[in-house]
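The values are calculated or read from the model by the stated rules, or taken from the named source; none is laboratory data. Keep in mind the model is a prediction, meaning the values are calculated, not measured. Cβ placement follows ideal geometry from the backbone for every residue including glycine, while neighbour counts extend to all protein chains displayed. In case anyone asks, the SASA skips ligands and DNA or RNA and just uses the protein heavy atoms, side chains included. Shrake-Rupley method; radii C 1.70, N 1.55, O 1.52, S 1.80 Å.
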Amino acid sequence: MLIAQISDTHITKPDPDEPHTLERITALKAFVAHVGKMDERPDLILHSGDVSQGGKAEEYETVKSMMEDFDIPVFFALGNRDLGANLIEGLGDLGGAKLVGGFLIYSIDGFPVRLIAMDTQKRKSNIGTTCSFRLRILEELLEEQPDSPTALFMHHPPFEVPTSKYPFQFDDPSLADAFLRLVARHEQIVHLFCGHMHRQFSVELETCNASVTPSLSPDNRLGEYEADWKERPLFQLHRWNPDTQRFETHLSPVGGKGVT
Ligand SMILES: [Fe+2]
C-alpha cells in the first residue's frame, strides 16, 4: 500500500499581482501530472488540510478542476483555513470525505491499512484542538475494527515540532494529551499523518510513529531541503511494510523520476 500525502496547498483565486497565488496552483497541477506518471502509482492521495486559503467555494472549485479527472481517490482533512461545508460540497466526491455532527471525521476502508480523518480545527483560530465529542466519534470508529491496522490523518500535530518557531500548535496541552492517550489506548493505530507546520518532521510517539508533511508549494514551505529541491513542489510517500507493521516515509520532489 502506497500513500502520497500533500499538505497546506493554500489555493486561492489567481491574482497576477500576487505571484504566489499562481505558484500554488502551478504546484498542485504539477503534483497531479507527476503522480499520473509515477511508475508505481499511489493507492490514494491524502491532503492533510489547508487545502484553500480562505475556505471559499471558488477555491475548492479550482482544486476540483485540477483533481477531478484523477483515477486515484483523494481524501481531505480539515485545516484551520478550510470551511468544512464548502470543502465537502466541492471535494467530497473525490474520495468520500464526509461530516459527522459538523466535524470532518470519517474512515477510509478497503485498503490494507484503515485510515481515519480527524478534525482538529478550532473554529476561528489557527491552532488545533479537540473535544470530547470528537474524541468519542474517533473512539467509536476505532472500536468498529480493533484488529485492523489504522492510521489517523489530521491537520494539526498533537505533539511538539521542536524545529518550528511555534512548536506547539494545539490550544491546550491537556487536550493534546487526551488525544495522545486515546491513541496509546488503541494499539491498532500505527501512524499519525499531519500537516500545518509547513515543514517536514517525524517522531516516535509512545505506541506509534507520527510525521508532518511540508507545504506542497515552495513559496510557503519552511525548513531546510536539498539544494535542487528548494524550488520544486514536495510531497511525502508512505509505504506500508506488512512485516514491520509500520509505514516507511520519504520526501519526494515533483518532477523527479517517480517511484520504481
Ligand atoms: Fe494550517
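So that you can scan it fast, the table gives a plain yes or no per residue for (1) among the basic types (Lys, Arg); (2) more than 30 Å from PRO242 (Cβ to Cβ); (3) more than 16 Å from the chain's Cα centre (by Cα):
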| position | (1), (2), (3) |
| --- | --- |
| LEU46 | no, no, no |
| GLU59 | no, yes, yes |
| GLY79 | no, yes, no |
| GLY102 | no, yes, yes |
| ASP109 | no, no, yes |
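Every residue, every condition in (1) of a type outside the set (D, E, K, R); (2) under 20 Å from GLU23 (Cβ atoms); (3) within 15 Å of the chain's Cα centre (by Cα), yes or no:
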position	(1), (2), (3)
THR163	yes, no, no
ARG185	no, no, no
GLN188	yes, no, no
HIS191	yes, no, yes
GLU206	no, no, no
GLY223	yes, yes, no
HIS250	yes, no, yes
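Would you confirm whether any residue within the range 215-238 is part of a helix (DSSP H, G or I), within 16 Å of the ligand (Cβ to nearest atom) and hydrophobic (A, V, I, L, M, F, W, C)? Can you show your working first?
Within the range 215-238, the first condition is being part of a helix (DSSP H, G or I), and the residues that meet it are 218-220, 227-229.
Among the residues that remain, those that are also within 16 Å of the ligand (Cβ to nearest atom) are: 219-220.
From what's left, hydrophobic (A, V, I, L, M, F, W, C): none.
Looking for residues that are part of a helix (DSSP H, G or I), within 16 Å of the ligand (Cβ to nearest atom) and hydrophobic (A, V, I, L, M, F, W, C), one finds none in the range 215-238, hence no.
Restricted to the range 203-218, and to residues there that are surrounded by fewer than 17 Cβ atoms within 10 Å (Cβ to Cβ) and not β-branched (Val, Ile, Thr), the residue that is farthest from LEU234 (Cα to Cα) is GLU206.
Please find, within the range 47-105, the residue that is nearest to the ligand (Cβ to nearest atom) out of those that are hydroxyl-bearing (Ser, Thr, Tyr) and open to solvent by less than 10 Å² (accessible area, probe 1.4 Å). Walk me through how you get there before you give the answer.
We begin by selecting, within the range 47-105, every residue hydroxyl-bearing (Ser, Thr, Tyr); these are 48, 52, 60, 62, 65.
Add one more test, that the residue is open to solvent by less than 10 Å² (accessible area, probe 1.4 Å), and what stays is 48, 52, 60.
Values: SER48: 9, SER52: 11, TYR60: 16 Å.
The qualifying residue nearest to the ligand (Cβ to nearest atom) is SER48.
Is it true that some residue in the range 11-23 is in contact with a strand residue (DSSP E or B) (Cβ under 8 Å, 6 or more places away or on another chain), of a type in the set (Val, Ile, Thr) and assigned to a loop (DSSP other than H, G, I, E, B)? Checked against the condition, which is being in contact with a strand residue (DSSP E or B) (Cβ under 8 Å, 6 or more places away or on another chain), of a type in the set (Val, Ile, Thr) and assigned to a loop (DSSP other than H, G, I, E, B), the range 11-23 yields at least one hit.
Return the total of residues in the range 171-187 being touching a Ser or Thr at 6+ places or on another chain (Cβ under 6 Å) and either charged (D, E, K, R) or surrounded by fewer than 18 Cβ atoms within 10 Å (Cβ to Cβ) (or both).
Of all residues in the range 171-187, those touching a Ser or Thr at 6+ places or on another chain (Cβ under 6 Å) come to 171, 175, 179, 184.
Then keep just the ones that are either charged (D, E, K, R) or surrounded by fewer than 18 Cβ atoms within 10 Å (Cβ to Cβ) (or both); that gives 171, 184.
Matching residues across the range 171-187 total 2.
Pairs meeting the criteria (first residue in the range 102-113 and without any contact (Cβ under 8 Å) to a residue 40 or more places away in the chain, second residue in a loop (DSSP other than H, G, I, E, B) and acidic (Asp, Glu), beta carbons under 6 Å, at least 6 apart or on different chains) are PHE103/ASP119; LEU104/ASP119; ILE105/ASP119.
Which of the residues spanning the range 43-61 are in a loop (DSSP other than H, G, I, E, B), farther than 12 Å from LEU78 by Cβ and of a type in the set (Asp, Glu)? Let's see the steps before the verdict.
Of the residues in the range 43-61, the ones in a loop (DSSP other than H, G, I, E, B) are 43, 48-51, 53-56.
So of that shortlist, the ones also farther than 12 Å from LEU78 by Cβ come out as 43, 53-54, 56.
Correct list: ASP43 only.
If you go through the range 123-136 and pick out every residue that is more than 17 Å from ASP50 (Cα to Cα), out of contact with any helix residue (DSSP H, G or I) (no Cβ under 8 Å at 6 or more places or on another chain) and open to solvent by 20 Å² or more (accessible area, probe 1.4 Å), you end up with 3. Among the numbered criteria (1) open to solvent by 30 Å² or more (accessible area, probe 1.4 Å); (2) within 16 Å of the ligand (Cβ to nearest atom); (3) closer than 20 Å to GLN121 by Cβ, which single criterion is violated by CYS194? Every listed condition holds for CYS194 apart from (1).
Among the residues of the range 150-164, those that are in contact (Cβ under 8 Å) with a residue 60 or more places away in the chain and either surrounded by fewer than 21 Cβ atoms within 10 Å (Cβ to Cβ) or within 16 Å of the ligand (Cβ to nearest atom) (or both) comprise PHE153, MET154, HIS155, HIS156, THR163. On the given criteria, is THR120 touching a His at 6+ places or on another chain (Cβ under 7 Å), at pLDDT 95 or above, closer than 21 Å to THR213 by Cα and crowded, with 17+ Cβ neighbours inside 10 Å? So THR120 passes the test.
Hey, any hits in the range 35-50 for a residue that's basic (Lys, Arg) and under 16 Å from ILE88 (Cα atoms)? Write out each step before concluding.
Step one: filter the range 35-50 for residues basic (Lys, Arg), giving 37, 41.
Still in the list and also under 16 Å from ILE88 (Cα atoms): none.
Among the residues of the range 35-50, not one is basic (Lys, Arg) and under 16 Å from ILE88 (Cα atoms), which makes the answer no.
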